[in-house]
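Heads up: the structure comes next, in structure tokens.
Since every read-out is calculated from the coordinates, none of them should be taken as a lab result. What you are looking at is a predicted structure, and each value in this text was computed from that prediction instead of being measured. Quick reminder, even Gly has a Cβ in these numbers, built from the backbone with ideal geometry, and neighbours come from all protein chains shown.
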Amino acid sequence: MTRARGRPAQGNELTRADIIAAALQVLQESGEAGLTMRVLASRLGVSAMAIYRHVEDKAGLIQALSDHVYAGVLKEVPLQVNAGAVIRTLLSRYHDAVSQHPQLTLAIFANPQAFAGVTAQLTELLTQCLEQVATNPLLWRDVLVDHAHGSALSLVSSQGEQSQVQALRLHYHQSLELLLECMVRA
């Protein structure tokens with residue numbers, strides 16, 4: 001008896017959740033260049049065509065990963081509070097997500113067409129909040145997002161002791177507060 005192509009050896013149907021979990025592992029281990037449909041298919045024990053039934057291409061895969069990881073950033077954002085509090089919440093959560101999945105952020109940089117879905121929603125919400133409190137909302141959005149990226153990626157690259165990681169996280173939050181103060185004053 002031969003198994004149908006596209007089915008894992010265990011006989012279970014391949015799911016989008018299986019693909020996302022395996023792709024995040026491959027991405028973390030090998031970076032964006034190492035995340036290919038063939039490598040992912042091999043990891044899952046399926047043909048590459050089985051993956052294409054769930055995602056249209058690599059950009060679609062990166063977007064699916066982004067939607068999965070960054071959905072938590074938008075979850076239960078306290079929209080009824082002031083715009084400054086929403087900005088703080090979004091950027092703090094985003095910083096945490098980037099530091100937990102740095103290779104995903106780098107993959108999005110390498111595949112700009114994957115910038116859609118939840119990532120685009122996050123950017124839009126941040127922009128709307130900044131429009132309420134800043135005179136140059138798009139410029140401040142870029143500064144704040146770049147600051148979150150730089151801090152999170154440097155935190156990951158430091159690979160220091162837990163106390164050093166906590167100190168770097170605290171430093172991010174302190175510098176975020178300073179940036180927000182400057183933004184309101186400007």
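The set of residues in region 154-178 being of a type in the set (A, V, I, L, M) and surrounded by fewer than 16 Cβ atoms within 10 Å (Cβ to Cβ) consists of 165, 167, 170, 178.
Test residue 23 against the stated conditions and say whether it is under 20 Å from the mean Cα position of the chain (by Cα) and surrounded by 14 or more Cβ atoms within 10 Å (Cβ to Cβ).
Numbers: under 20 Å from the mean Cα position of the chain (by Cα): yes; surrounded by 14 or more Cβ atoms within 10 Å (Cβ to Cβ): yes.
Yes; evaluated as a whole, the condition is true for this residue.
Criterion applied to 107, 186, 85 was being touching a helix residue (DSSP H, G or I) at 6+ places or on another chain (Cβ under 6 Å) and small (Gly, Ala, Ser), and the one residue passing it is 107.
Scan region 105-140 for residues that are charged (D, E, K, R) and either touching a strand residue (DSSP E or B) at 6+ places or on another chain (Cβ under 8 Å) or loosely packed, with under 14 Cβ neighbours inside 10 Å (or both) and the total you get is 1.
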